[in-house]
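S.K.: So that we are looking at the same thing, I have put the structure below in C-alpha cells.
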Amino acid sequence: MKTLDKKVAIVTGATSGIGARIAEAFVHEGAHVVLAGRREAEGESKASSLGETATFVRTDVSVEEDVEALVAHTVERHGRLDIMVNNAGGPGNGASVTGFDGEVFQRTLAVHVHGTMYGTKYAARQMLAQRSGSIINMASLAGKVAGWSGLDYSTAKAAVLHLTRCSAVDLGEHGIRVNSEPFSTLV
Ligand SMILES: NC(=O)c1ccc[n+]([C@@H]2O[C@H](COP(=O)([O-])OP(=O)(O)OC[C@H]3O[C@@H](n4cnc5c(N)ncnc54)[C@H](OP(=O)(O)O)[C@@H]3O)[C@@H](O)[C@H]2O)c1
C-alpha cells in the first residue's frame with residue numbers, strides 16, 4: 001500500500017515548478033490529484049502525463065469563484081477532499097521601500113494571501129463535513145527572515161505563515177490539520 005493510497009488532493013500552481021513536482025509525487029504515492037493553474041495547455045499536458053488519476057482545472061487562485069469551482073469540481077468527481085496544497089505563486093519582484101509599488105503589492109497579496117485563504121476556506125468547508133483533512137500552505141524563509149527577498153513577497157509570505165497558524169487553531173479541533181512548508185515546526 002502506498003502512502004497516499006486513494007487520497008484525493010488538490011495542488012494549486014501545478015502547471016510548473018514545485019507544484020508540478022508535488023503533483024507527480026502525490027500521484028506516485030497513490031493519490032488522485034487535481035492540478036490547478038492558469039495556463040491551460042501546460043496544465044492539461046502535465047495532468048495527462050501523470051495518467052488517469054490526475055486531472056487539470058483552470059484556476060486563478062486570486063479569483064474566489066475559481067477556487068470555489070475548483071473544490072466543487074474535485075468533490076463532484078471524487079466525492080471528497082483529503083489534501084489541499086496552496087502552492088500557487090511565483091517569486092517576488094525584489095521591491096525595496098523606495099521602489100514600493102502599490103499595484104504590484106496588491107497583485108502579490110492577491111495570489112499569495114487571498115489565494116491561500118480562498119483555498120483554505122473552500123477546502124475547510126468540505127473537510128469539516130468529513131471531519132478530516134490536511135491543508136498545506138507554501139510559505140518561504142522570506143516570511144521569517146527580513147532581507148531574504150523583496151519587501152512585497154516577504155510581507156505576503158509572513159501573512160501566509162500567520163494565516164496558517166490562525167487557520168490551524170480554528171480548524172484543529174475539527175480534525176483538520178493546517179501546516180506550512182517550509183517551517184511546519186515553527187508554526
Ligand atoms: N522556488 C523557490 O525557491 C521557493 C522557495 C520558497 C517558497 N517558494 C514558493 O513555492 C511556490 C511555488 O514556487 P515555484 O518556484 O514552483 O514557482 P514557479 O515555478 O514560478 O511556479 C508558480 C506556479 O504557480 C502558478 N500560479 C501563479 N500565479 C497563479 C494564480 N494567480 N493562480 C493559479 N496559479 C498561479 C503558476 O501557474 P500558471 O502560470 O499556470 O498560473 C505556476 O504553476 C510559491 O508559493 C513560492 O512562493 C518557492
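Since every read-out is calculated from the coordinates, none of them should be taken as a lab result. Being a predicted model, the structure only gives us computed values, none of them experimental. Note: ideal-geometry Cβ built from the backbone for every residue, glycine included; neighbour counts use all protein chains shown.
S.K.: If you average 1/r over every pair of different alpha-carbon atoms in the chain and take one over that average, what Kirkwood value in Å do you get?
M.R.: After inverting the pairwise mean of 1/r, the radius is 16.5 Å.
S.K.: Based solely on its DSSP helices, what 222 nm [θ] is calculated for the chain when runs of n ≥ 4 H residues each add -39,500 (n - 2.57) and the sum is averaged over all residues, nearest 500 deg cm²/dmol?
M.R.: -14500 deg cm²/dmol
S.K.: Shifting gears a bit: Using alpha-carbon positions, what is the distance between the centroids of the stretch 129-162 and the stretch 1-61, in Å?
M.R.: 21
S.K.: Same structure, new question: In terms of Cα to Cα distance under 13 Å, which aspartates and glutamates are near enough to Lys157, apart from those fewer than 8 places away along the same chain?
M.R.: Glu181
S.K.: On a 0 to 90° scale, report how tilted helix 115-130 is relative to the longest principal axis of the chain, with both axes built from alpha carbons and the result rounded to the nearest 10.
M.R.: Helix 115-130 and the main axis of the chain meet at about 30 degrees.
S.K.: Related question: Using a Gaussian network model on the chain with a 10 Å cutoff between Cα atoms, which of Ala129, Ala47, Ala139 fluctuates the most?
M.R.: The residue that fluctuates most here is Ala129.
S.K.: Hey, could you pull the Cα Rg and Dmax for the stretch 1-53, both in Å?
M.R.: 10.2, 33
S.K.: Taking the Cβ of each residue in His28, His114, His162 as the centre, tally the other Cβ atoms inside 10 Å and list the residues starting with the fewest.
M.R.: His28, His162, His114
S.K.: Neighbour counts of other C-beta atoms within 10 Å: give me Met138, Met84 arranged from fewest to most.
M.R.: Ranked by crowding around the Cβ, least crowded first: Met138, Met84.
S.K.: Here is a further query. What value does the stretch 103-184 have for Rg/Rh, both radii from Cα atoms and Rh as Kirkwood defines it?
M.R.: 1.02
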